[in-house]
Amino acid sequence: MSLALRLARQQPAYRDPRARAKDFDEIDSGFTFEQARVEAERCVQCSKPACAIEGCPLGNAIPRWIDHVVQGRLRQAAWVLATTAPMPELCGKLCPHERLCESRCVLGQASKPVAIGALEAFVGRVAEERGWFAPAPSRMPSGLPVRFAGAADRTDQSDPTDRSDRRGHPERIRGASGHVAIIGSGPAGLAAADRLLALGHAVTMFERAPVAGGVPSYGIPSFKYAKSRVERLVERVRRKGAAIFCGIEVGRDVTVRELRKDFDAVLLAIGAPRGRLLDLPGCGLEGIYSATGFLVNGNVPAECIDEADRREIRRGRRCVVIGGGDTSADCVRTAVRLGFEEVRCLYRRSLEEITGRLADRGYAQEEGVVYQFLTSPTRFEGSGRVERVVCERMALGEPDGSGRARPVPIPGSEYVLEADAVVLSLGYDVDRKLLESARCQLGPDGLVVDDNLMTSRRGVFAAGDVVRGADLIVHAARDGRDAAMAIDRFLREG
């Protein structure tokens with residue numbers, strides 16, 4: 001028997017569910033150095049690794065950096081990862097590895113696959129702690145007006161309520177190949193900024209929220225990825241030379257047209273922030289929240305939330321979350337930590353069709369969450385506030401446009417669930433209003449872009465969820481990296 005088959009798959013140490021359900025701290029400490037080495041030894045070093053070629057959207061050289069871990073060369077492992085992965089510590093923690101790289105691991109045919117995700121998170125964490133990804137602070141561009149230079153030096157600390165004279169723009173930086181404006185500071189924007197800076201371009205980022213980071217800052221609960229880690233990701237890009245301005249909404253404070261005049265290229269990386277709603281009786285009752293509103297107000301400090309987005313989460317005994325994706329798992333686990341005693345997740349399809357990460361659903365069940373499959377709401381009832389969810393049971397019919405079995409109501413199957421709060425976790429859409437103001441051609445789900453990720457407007461590019469719809473962080477990171485390469489070609493070729 002080979003060494004890879006003799007070694008058991010390693011597991012990080014997880015906190016007790018009863019203890020972790022009381023706070024928003026991360027639930028595991030990741031691999032130890034010894035665990036990482038043992039797990040890395042399970043890799044059989046395929047000559048044509050399907051885990052990398054077919055399974056990794058970023059094309060990470062997985063066997064290569066894992067071999068460096070085996071040899072104890074962690075800095076080299078981090079360097080190899082960084083050549084393709086803009087934020088390995090983030091993707092290592094949050095990617096659905098069981099559906100991506102690990103599903104293509106050849107060892108999984110005879111045993112459990114190599115824990116590629118946990119190894120990537122380990123390498124990223126060590127590199128982060130030792131400062132291998134963080135350069136010395138860059139001098140701010142000399143062409144920046146005083147008001148912008150000061151704000152950029154105090155990244156994430158601009159006053160979102162101060163709308164005074166924000167129409168001026170940084171001048172192009174002498175000596176740089178080009179100056180690029182990035183709208184949005186989530187994974188796509190940060191990945192693009194990281195690559196553009198490495199290619200010698202100047203970058204200025206504009207973020208609507210009071211704090212940079214996008215979904216990892218606002219939509220990912222701290223028990224999955226600590227806010228301090230997101231802050232370090234943003235700080236790393238700033239230290240490389242990016243100017244980041246928070247509290248500036250493109251379309252309100254400044255237009256894409258104005259930015260295109262003042263910058264050599266513009267990248268739209270605004271994500272898909274609009275949560276979908278249900279058109280059911282009672283949807284207007286108090287106590288019914290969008291997933292974004294619930295997550296943001298449930299685990300982000302009030303001072304970091306734009307005043308227009310602040311909403312008090314009224315605590316109660318029972319919380320019902322509707323939806324079956326990754327976000328719904330985040331919502332039910334947040335509800336547990338907010339003190340709801342009974343938390344249920346309703347999903348209209350079966351266990352086999354659920355799209356969320358298996359691990360997250362398992363963590364939620366350990367923390368007391370109850371999943372009810374083949375269940376869909378028909379209306380919400382209450383006197384001003386939601387008090388009941390009227391549900392009906394479903395059966396699975398023929399496949400729909402998604403390729404999954406279509407849920408069909410079972411006549412006469414209605415029943416009632418008591419609820420003090422309801423969270424709608426039904427997916428996200430792009431902000432078409434902003435896109436229309438940018439005067440870019442729109443497709444059914446977002447922007448129409450060419451092979452170089454340029455929109456129908458010359459010099460305006462797009463990347464991430466704004467193009468593909470709500471998707472994985474790793475896809476946003478890949479899109480941001482690829483958009484940066486496309487922008488680089490555009491600027492150098494004219």
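A full extension of the chain between Glu34 and Val448 corresponds to an added length of 144.2 nm, given 0.36 nm per residue minus the alpha carbon distance. Classification of the chain by its C-alpha gyration tensor yields an oblate form. The axis ratio a/c (a ≥ b ≥ c) is 1.5 or more, and b/c is at least a/b. Mean separation of Cα pairs under 8 Å and 6 or more residues apart, divided by the residue count, gives the chain a relative contact order of 15 percent. Karplus-derived 3J(HN,Hα) values for segment 472-479, using 6.51 cos²θ - 1.76 cosθ + 1.60 with θ = phi - 60°, are 6, 4, 5, 5, 5, 5, 5, 4 Hz; glycine and proline are entered as x.
Could you please state, rounded to a whole Å, how far the C-alpha centre of segment 24-47 is from the C-alpha centre of segment 421-457? What the calculation gives is 38 Å, centre to centre. For Ala265, the amide hydrogen comes within under 5 Å of the amide hydrogens of His179, Ala181, counting only partners 5 or more places away or on other chains and with H modelled in the peptide plane. Placing +1 on the Cβ of every Lys and Arg and -1 on the Cβ of every Asp and Glu, with nothing else charged, gives the chain a dipole about its Cα centre of roughly 900 debye.
Segment 296-324 and segment 193-230 have Cα centres separated by 21 Å. Which shape class, rounded, prolate or oblate, goes with segment 316-439 when its Cα gyration tensor gives a ≥ b ≥ c as root eigenvalues, a/c under 1.5 marks rounded, and past that a/b bigger than b/c marks prolate? The shape class here is rounded.
The ranking of Ile53, Ile354, Ile288 by Cβ neighbour count inside 10 Å, starting from the fewest, reads Ile53, Ile354, Ile288.
We did not get these values from a lab; they are worked out from the coordinates using the rules stated. None of the values given here were measured: they were computed from a predicted structure. Quick reminder, even Gly has a Cβ in these numbers, built from the backbone with ideal geometry, and neighbours come from all protein chains shown.
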